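Novice: One structure, as structure tokens, below. Some questions next.
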Amino acid sequence: MPLSDARVRAIKPTEKAQKISDGGSLFLFVPPNGSKLWRFAYTFAGKQKTLAIGAYPAISLAEARAARDAAKVLLSKGVDPGEQKKLDAISAALARATTFEVVASELLDKKKREGRAERTTEKLRWLYDLAKPHIGSRPIGEITAPEVLVALRAVESRGQLETAKRLRAVIGEAFRYAVATGRATTDPTFALRGALTAPKVKHRAAIIDPKAFGGLLRAIDGFSGQPTTKAALQLMALLFPRPGELRFAEWSEFDLDAAVWTVPPPRMKMRKEHKVPLPKQAVAILRELHRITGRGKLVLPGYGMSGGEGRKIGQKPISENTINGALRRMGFGQDEMSAHGFRASASTMLNESGLFAPDAIEAALAHQDTNAVRRAYARGQFWDERVRMAAWWADELDRLRKLPA
């Protein structure tokens with residue numbers, strides 16, 4: 001007699017295990033501990049076998065019958081349902097091991113091994129975390145363009161248009177890595193080109209008028225905050241590096257006698273070593289700063305800094321917000337000047353001087369030429385000119401300071 005839900009619920013355990021048939025080789029196995037387990041008995045290749053379907057009530061009577069019928073379909077095709085269940089479990093485990101989250105994490109580990117800067121990988125991790133609630137647990141080979149778009153729209157809806165654009169790019173990188181490692185066949189982010197609201201191009205605020213820049217220099221000279229912050233502002237003006245290149249600088253990178261700062265590859269945008277000629281004004285600032293922070297590793301520690309004996313030297317660098325905050329306190333609005341703006345200021349005025357080759361200025365800014373031959377040539381060709389340019393720029397800043405307000 002076929003079972004009913006009421007009868008299944010009423011079955012009680014006994015001292016001996018029970019096998020209660022539902023028909024069609026489906027039965028309920030009830031051991032003495034009271035569990036109620038669905039089983040399907042079948043014959044394959046001349047051998048008697050049993051397929052475990054699941055426990056009641058998690059698997060209902062109707063679901064157990066559906067599983068039995070599916071197993072019979074497999075048998076009719078010459079497939080062992082027990083072996084197929086094992087294969088399905090393996091496939092599911094593989095799918096869990098190839099989720100977007102797993103692939104993204106693996107890609108981040110790869111970038112770390114390649115020497116990417118910690119702040120770069122942390123930024124990527126933050127971006128991937130934005131996508132995880134939407135596609136993190138999905139097998140990466142099954143994720144579609146509309147699913148990715150949902151994740152991007154969630155960021156876009158908060159007004160973070162540039163972040164959404166960047167997120168699409170890093171998600172695409174993870175997909176291309178998955179394709180290369182055999183876990184996906186396509187990158188669905190290609191289909192999303194043009195699907196997002198394009199952010200307006202925002203140029204970083206920079207003072208490019210020489211007279212106004214002179215006013216900024218005088219304000220920096222009169223800055224009364226932390227000496228590390230003041231030195232950072234002075235060095236940004238003199239050397240115009242990317243803010244992160246200076247903030248994370250270590251004393252071991254500087255040869256003050258030779259007047260050269262060697263920025264290591266991991267901290268450079270193009271992951272190439274970059275040498276910076278130091279004018280005498282920069283060397284003087286660094287020698288004075290060394291008296292304050294020279295006992296530590298960092299040139300510009302962000303906290304715990306003091307020139308007093310026995311005081312702790314900070315283990316973390318000043319932040320970009322520290323530099324921007326100092327500019328605000330000096331009265332320069334965020335639409336007027338920024339930490340990164342020192343590069344635009346120097347680039348503009350150096351080019352307008354007409355004294356130096358544009359390629360030499362680009363080399364000083366560590367803008368990498370896309371032509372490998374030109375890049376190799378420029379590396380040696382422009383060093384002497386860059387040394388002269390660094391000295392001229394430092395002297396020019398001294399001149400601008402003296403211009404009438």
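Taken together, the values in this text are just the output of simple stated rules run on the coordinates, not laboratory data. Note that the coordinates shown come from a computational prediction; the quantities given were computed from them, not determined experimentally. When we count neighbours, we look across all protein chains shown, and the Cβ atoms used for this are built from the backbone with ideal geometry, even at glycine.
Novice: Tell me, what HN-Hα J-couplings in whole Hz come from the Karplus equation 6.51 cos²θ - 1.76 cosθ + 1.60 at θ = phi - 60° for each residue of the stretch 132-138, using x for Gly and Pro?
Specialist: Karplus-based 3J(HN,Hα) across the stretch 132-138 equals 4, x, 9, 10, x, 8, 7 Hz.
Novice: Tell me the mean residue ellipticity at 222 nm calculated for the chain from its helices only (DSSP H runs of n ≥ 4, each -39500 (n - 2.57), averaged over every residue, nearest 500).
Specialist: -15500 deg cm²/dmol
Novice: Could you go through the stretch 324-338 in sequence order and give the Karplus-derived ³J(HN,Hα) for each residue, using 6.51 cos²θ - 1.76 cosθ + 1.60 with θ = phi - 60°, rounded to whole Hz, and x for Gly and Pro?
Specialist: My calculation for the stretch 324-338 gives 5, x, 5, 4, 5, 5, 7, x, 9, x, 5, 8, 10, 8, 9 Hz in order.
Novice: Out of Trp392, Gly302, Val263, whose Cα points farthest toward the positive end of the dipole of the chain (charges: +1 Lys, Arg; -1 Asp, Glu; placed on Cβ)?
Specialist: Farthest along the dipole direction, towards plus: Gly302.
Novice: Of the listed values (i) 1.14; (ii) 0.98; (iii) 1.55, identify the label whose number matches Cα Rg over 2.2 N^0.38 Å calculated from this model.
Specialist: (iii)
Novice: Here's something else I'd like to know. For the chain, find the longest principal axis of its Cα atoms and tell me its angle to the long axis of helix 280-293, 0 to 90°, nearest 10.
Specialist: 60
Novice: Separation between the Arg328 and Arg158 pseudo-spin-labels, each 7 Å from Cα along Cα→Cβ, expressed in nm?
Specialist: 2.0
Novice: Continuing with this model, one more query. Rounded to the nearest 0.05, what FRET efficiency do Ala41 and Thr144 have when you use their Cβ-Cβ distance and R0 = 30 Å?
Specialist: E(calc), rounded to 0.05, equals 0.15.
Novice: Hey, if you put +1 on the Cβ of every Lys and Arg and -1 on every Asp and Glu Cβ in the chain, which of Thr181, Ala45, Ala282 ends up farthest toward the positive end of that dipole?
Specialist: The listed residue farthest towards the positive side: Ala45.
Novice: What full-extension length gain, to one decimal in nm, is calculated for Trp383 and Val260 as 0.36 nm per residue of separation minus the Cα-Cα distance?
Specialist: Taking Trp383 through Val260 to full extension adds about 43.2 nm, to one decimal.
Novice: Can you tell me the orientation of helix 81-97 relative to the chain, as the angle in degrees between its alpha-carbon axis and the longest Cα principal axis, to the nearest 10?
Specialist: 10
Novice: Give the long-range amide H neighbours of Ser21: residues separated by 5 or more places, or on another chain, with amide H under 5 Å away, using H modelled in the peptide plane at 1.01 Å from N.
Specialist: Leu28
Novice: Next question. Could you sort 149-156, 17-24 so that the peptide with the highest average Cβ count within 10 Å comes first and the rest follow in order?
Specialist: Order by mean packing, descending: 149-156, 17-24.
Novice: Going down the table (Lys12/Lys36; Lys110/Lys165; Lys16/Lys36; Lys111/Lys272; Lys19/Lys49; Lys111/Lys275), which pairs top 18 Å between alpha carbons?
Specialist: Violating the 18 Å limit, Cα to Cα: Lys110/Lys165; Lys111/Lys275.
Novice: Amide H neighbours of Phe44 under 5 Å, at least 5 residues apart or on other chains, H built in the peptide plane: list them.
Specialist: So Phe44 has HN proximity to Lys49.
Novice: Please arrange Phe29, Phe332, Phe190, Phe40 by counting, for each residue, the other beta carbons lying within 10 Å of its beta carbon, fewest first.
Specialist: The order, fewest Cβ neighbours first, is Phe190, Phe29, Phe332, Phe40.
Novice: Relative to the longest principal Cα axis of the chain, at what angle does helix 61-76 sit, 0 to 90 degrees, rounded to 10?
Specialist: Once rounded, the angle reads 90 degrees.
Novice: Placing +1 at every Lys and Arg Cβ and -1 at every Asp and Glu Cβ, with all other atoms neutral, what dipole size does the chain have around its Cα centre, in debye to the nearest 20?
Specialist: 1180
Novice: Ok, one more. R0 = 41 Å: FRET efficiency of Ser105 with Ile59, Cβ-based, nearest 0.05?
Specialist: Taking R0 as 41 Å, the efficiency between Ser105 and Ile59 is 0.75.
Novice: What ³J(HN,Hα) values, in whole Hz, does the Karplus curve 6.51 cos²θ - 1.76 cosθ + 1.60 give for the stretch 178-195 when θ = phi - 60°, with x put for Gly and Pro?
Specialist: Per-residue couplings from phi come out as 5, 5, 5, 9, x, 10, 8, 10, 9, 10, x, 6, 4, 6, 9, 4, x, 7 Hz.
Novice: Round to the nearest 0.05 the FRET efficiency obtained for Ala391 and Lys316 when R0 = 22 Å and r is the Cβ-Cβ distance.
Specialist: 0.10
Novice: Under 17 Å between alpha carbons, and skipping anything fewer than 8 positions from Lys402 in its own chain: which lysines qualify?
Specialist: Qualifying lysines at Cα under 17 Å: Lys211.
Novice: What's the extension gain from Lys272 to Ser91 if we count 0.36 nm per residue and subtract their Cα-Cα distance?
Specialist: 60.9 nm is the gain from fully extending Lys272 to Ser91.
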